[in-house]
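**Q** Please see the structure below; I have some questions.
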Amino acid sequence: MTDTFENFLNDITRCFLEPNFDLWRSRLILPFSIVMKDGTMVLSDVDEVKRNFDLYLKAVEIMKPDVIDRSIVSFEHCDDGSILGTFRTRVVRDGILVIEPYAGTALLRRIDGRLQMSSLLNARGHHEWTGIRGH
C-alpha cells in the first residue's frame, strides 16, 4: 500500500498529541530544516530532533488544543523526484482558534513507499509559545 499525503499529515499531527517521538522521527529525513519567518533551523542528528520535538511538546502543553486539523492545499510532484505538499493547519481549543490558521509546505521524498520530509517551510516556531530559541 502506498503512503498518502493524508496519512503523512495525520502522523505529523498525532505524534505531538500522543506524544510519539518515534512516529515524528519516522517522517523526517536528516538533516531536517525548519524554515520560519524569522529564520531557518537545521537539525542534523536525532538528538537535535528530539530536543526540538520536546520543545514543541511544551508549546502543545501551553496551547492545550482539543483539535489540530491539517487539510491538504496541494500536492505537487517535481521533476527531481521530490514532492511539495502544502497544507493548512488549524489549532482549536474549546471551539476557538488558538492561533490563526496558517499554511505550511513540506519538501517530501517517497522512500520505500513512505513519505518523508526533509524541510518544512513556513513553520510556526515553538518559541512563539515557549519563549525558548534554538533547538
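The values are calculated or read from the model by the stated rules, or taken from the named source; none is laboratory data. Here the structure is a predicted model, which is why all the values come from computation and not from measurement. Glycine also receives a Cβ, built like all others from the backbone with ideal geometry; neighbour counts cover every protein chain displayed.
**Q** For residues in segment 4-43 being of a type in the set (Phe, Trp, Tyr), in a helix (DSSP H, G or I) and in contact (Cβ under 8 Å) with a residue 60 or more places away in the chain, which is surrounded by the fewest Cβ atoms within 10 Å (Cβ to Cβ)? Explain how you work it out, then say what you get.
**A** First, the residues of segment 4-43 that are of a type in the set (Phe, Trp, Tyr): 5, 8, 16, 21, 24, 32.
Now drop any that are not in a helix (DSSP H, G or I), which leaves 5, 8, 16, 21, 24.
So of that shortlist, the ones also in contact (Cβ under 8 Å) with a residue 60 or more places away in the chain come out as 5, 8.
On the way: 5: 18, 8: 23.
Of everything passing the filter in segment 4-43, 5 is surrounded by the fewest Cβ atoms within 10 Å (Cβ to Cβ).
**Q** Do we find that residue 34 is within 23 Å of residue 91 (Cα to Cα) and touching a Leu at 6+ places or on another chain (Cβ under 6 Å) in this structure? Write out each step before concluding.
**A** Working: within 23 Å of residue 91 (Cα to Cα): yes; touching a Leu at 6+ places or on another chain (Cβ under 6 Å): yes.
Judged against the criteria, residue 34 is a match.
**Q** List the pairs whose first member sits in segment 78-100 and is over 15 Å from residue 64 (Cα atoms), whose second member is assigned to a loop (DSSP other than H, G, I, E, B), and whose Cβ atoms are under 7 Å apart, counting only residues at least 6 apart or on separate chains?
**A** Listed by first residue and then by second, the contacts come to 84/78.
**Q** Report, by residue number, each residue of segment 67-85 that is modelled with pLDDT of 95 or more, touching a Leu at 6+ places or on another chain (Cβ under 9 Å) and either surrounded by fewer than 12 Cβ atoms within 10 Å (Cβ to Cβ) or in a strand (DSSP E or B) (or both).
**A** Listed by number, the residues that qualify are 70, 71, 72, 74, 75, 76, 77, 78, 83, 84, 85.
**Q** Here's something else I'd like to know. Could you say whether any residue in segment 44-60 is within 19 Å of residue 25 (Cα to Cα), in contact with a strand residue (DSSP E or B) (Cβ under 9 Å, 6 or more places away or on another chain), in a strand (DSSP E or B) and not hydrophobic (A, V, I, L, M, F, W, C)?
**A** no
**Q** Answer yes if at least one residue in segment 105-120 is more than 26 Å from residue 4 (Cβ to Cβ), part of a strand (DSSP E or B) and free of Cβ contacts under 8 Å to residues at least 24 places away in the same chain, and no otherwise.
**A** Residues of segment 105-120 more than 26 Å from residue 4 (Cβ to Cβ): none.
Scanning segment 105-120, I find no residue that is more than 26 Å from residue 4 (Cβ to Cβ), part of a strand (DSSP E or B) and free of Cβ contacts under 8 Å to residues at least 24 places away in the same chain, so the answer is no.
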